[in-house]
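**Student:** Please read through the structure below; I'll follow up with questions.
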Amino acid sequence: MQLNRASVFLPPVIVGCLFAMTLIGVERLAFRDVSHFYTPLYDYVAFRCDHDWLPLWNPLDQTGCPLVGETTTAVLYPVRLLCFSLPIDAATAMAWYVALHLILASYAALWCARFSGVSKQSAIIAALIYPLSGGVFFLFTNPPYLVGAAWLPLVLGPMLSRLRIPTGRRIVVSGFALAMMVLGGDPQSALHAMLIATLIGAARIVSHRCYDRGALLGTLVAAPILAALLSAPQIAASISWG
């Protein structure tokens, strides 16, 4: 049991070791979009947020476009606000942004595994494999997709769990995670997560393998509504721009 408890701290330790030099500002993440596009973009967004209560317009993109309406700017995303408000340079802030999402992905996978009813040992294995797998880890080069991957287990886990979990808890966790995916710049993954959850839920209902139809249907309907309410400014700006 002590080994299991200690293992919970492995994800941040491993991520910290992998990104140590960038987290202390000696090196920087320099491969692909994370360096050439997102680091200067988030630095500019942070500058605008410091000077404007709510920066709505970006005059530097083409002939100008809505800053909030362009989802990858993540203007209203809490984790971006936190990392880029720290008294560190933009490259170091981006390193912390990436590292925090890999750690989040790890614990989200752990909680998703527990929602699925697996053993603690199996959940810890999932917490290590998911963020360090190539398909997720390499997303550090494109932060919005890493945001989507980090929150994804907290969408699907509560929605599809067969454990006796209060419906309200399912809705709150899934809805909040969906909203964070939208605010963090990856609404596509939020949509795909709902499509997957709906298809699996429908298959379970048709095959009579759904143990709590009311909880499943309630979560599938209420979670995206909650997400839409939480991310309403982002959605409204995007629709207005479209």
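**Student:** Which count do you get for residues in the range 207-232 that are part of a helix (DSSP H, G or I), at pLDDT below 85 and surrounded by 12 or more Cβ atoms within 10 Å (Cβ to Cβ)?
**Tutor:** At the first step, the residues of the range 207-232 found to be part of a helix (DSSP H, G or I) are 213-230, 232.
Imposing the further condition that a residue be at pLDDT below 85 reduces the set to 213-216.
Remaining after also requiring surrounded by 12 or more Cβ atoms within 10 Å (Cβ to Cβ): 213, 215-216.
Residues in the range 207-232 being part of a helix (DSSP H, G or I), at pLDDT below 85 and surrounded by 12 or more Cβ atoms within 10 Å (Cβ to Cβ): 3 in total.
**Student:** If PRO187 satisfies all but one of (1) in contact with a Gly (Cβ under 9 Å, 6 or more places away or on another chain); (2) open to solvent by less than 10 Å² (accessible area, probe 1.4 Å), what's the number of the condition it fails?
**Tutor:** Against the list (1) in contact with a Gly (Cβ under 9 Å, 6 or more places away or on another chain); (2) open to solvent by less than 10 Å² (accessible area, probe 1.4 Å), PRO187 comes up short only on (2).
**Student:** Out of (1) polar (S, T, N, Q); (2) touching a Gly at 6+ places or on another chain (Cβ under 8 Å); (3) more than 23 Å from VAL173 (Cα to Cα), what's the single condition that is false for THR63?
**Tutor:** (2)
**Student:** Please specify each residue of the range 31-87 satisfying the condition of being open to solvent by less than 30 Å² (accessible area, probe 1.4 Å) and assigned to a loop (DSSP other than H, G, I, E, B).
**Tutor:** Residues satisfying the conditions are PRO55, GLY64, LEU67, VAL68, GLY69, ALA74, VAL75, TYR77, PHE84.
**Student:** Among the residues of the range 98-109, is any within 12 Å of the chain's Cα centre (by Cα), touching a residue at least 60 places away in the same chain (Cβ under 8 Å) and within 16 Å of PHE31 (Cα to Cα)?
**Tutor:** Yes: the range 98-109 contains one or more residues that are within 12 Å of the chain's Cα centre (by Cα), touching a residue at least 60 places away in the same chain (Cβ under 8 Å) and within 16 Å of PHE31 (Cα to Cα).
**Student:** Which condition number does SER174 fail, the rest of (1) polar (S, T, N, Q); (2) surrounded by fewer than 22 Cβ atoms within 10 Å (Cβ to Cβ); (3) within 29 Å of LEU132 (Cβ to Cβ) being met?
**Tutor:** Here SER174 clears every test but (2).
**Student:** Right, something else. Against the condition open to solvent by 40 Å² or more (accessible area, probe 1.4 Å), within 20 Å of GLY117 (Cβ to Cβ) and assigned to a helix (DSSP H, G or I), how does ILE235 come out, does it pass? Spell out how you get there, then give the answer.
**Tutor:** Details: open to solvent by 40 Å² or more (accessible area, probe 1.4 Å): yes; within 20 Å of GLY117 (Cβ to Cβ): no; assigned to a helix (DSSP H, G or I): yes.
Answer is no for this residue.
**Student:** Looking only at residues that are within 23 Å of PHE138 (Cβ to Cβ) and touching a residue at least 60 places away in the same chain (Cβ under 8 Å) in the range 112-127, which one is least open to solvent (accessible area, probe 1.4 Å)?
**Tutor:** Applying the first criterion (within 23 Å of PHE138 (Cβ to Cβ)) to the range 112-127 yields 112-113, 124-127.
Within this subset, residues satisfying the condition of being touching a residue at least 60 places away in the same chain (Cβ under 8 Å) are 124, 127.
Numbers: ILE124: 22, ALA127: 3 Å².
Here the answer is ALA127.
**Student:** Do you know which residues across the range 145-167 are closer than 22 Å to TRP96 by Cβ and surrounded by 23 or more Cβ atoms within 10 Å (Cβ to Cβ)?
**Tutor:** From the range 145-167, those closer than 22 Å to TRP96 by Cβ are 145-154; that's our starting set.
Within the range 145-167, LEU146, VAL147, GLY148, ALA149, ALA150, TRP151, LEU152, PRO153, LEU154 meet the criteria.
**Student:** If you scan the range 112-157, which residues turn out to be of a type outside the set (A, V, I, L, M), over 18 Å from VAL34 (Cα atoms) and touching a Phe, Trp or Tyr at 6+ places or on another chain (Cβ under 8 Å)? Reasoning before the result, please.
**Tutor:** Residues of the range 112-157 that are of a type outside the set (A, V, I, L, M), as a first pass: 112, 114-117, 119-122, 130-131, 133-135, 137-138, 140-145, 148, 151, 153, 157.
Now restrict to residues that are over 18 Å from VAL34 (Cα atoms): 112, 114-117, 119-122, 130, 133, 151, 153, 157.
Answer for the range 112-157, where residues must be of a type outside the set (A, V, I, L, M), over 18 Å from VAL34 (Cα atoms) and touching a Phe, Trp or Tyr at 6+ places or on another chain (Cβ under 8 Å): PRO153, GLY157.
**Student:** Would you check if ALA113 is touching a Pro at 6+ places or on another chain (Cβ under 9 Å), small (Gly, Ala, Ser), part of a helix (DSSP H, G or I) and within 14 Å of PRO12 (Cβ to Cβ)? It would help to see each step written out before you state the result.
**Tutor:** Numbers: touching a Pro at 6+ places or on another chain (Cβ under 9 Å): yes; small (Gly, Ala, Ser): yes; part of a helix (DSSP H, G or I): yes; within 14 Å of PRO12 (Cβ to Cβ): no.
The answer is no for ALA113.
**Student:** I would also like to ask the following. Out of the residues in the range 88-111 meeting the condition of being hydroxyl-bearing (Ser, Thr, Tyr) and more than 20 Å from PHE37 (Cα to Cα), tell me which one is least open to solvent (accessible area, probe 1.4 Å).
**Tutor:** Among those that are hydroxyl-bearing (Ser, Thr, Tyr) and more than 20 Å from PHE37 (Cα to Cα), it is SER106.
The values are calculated or read from the model by the stated rules, or taken from the named source; none is laboratory data. Worth saying up front: this structure is predicted, and the values here are computed from it rather than measured. Heads up, the Cβs are rebuilt from the backbone with ideal geometry, glycines too, and the neighbour counts pull from every protein chain shown. The area values use the complete protein model at the heavy-atom level, side chains included, leaving out ligands, DNA and RNA. Shrake-Rupley method; radii C 1.70, N 1.55, O 1.52, S 1.80 Å.
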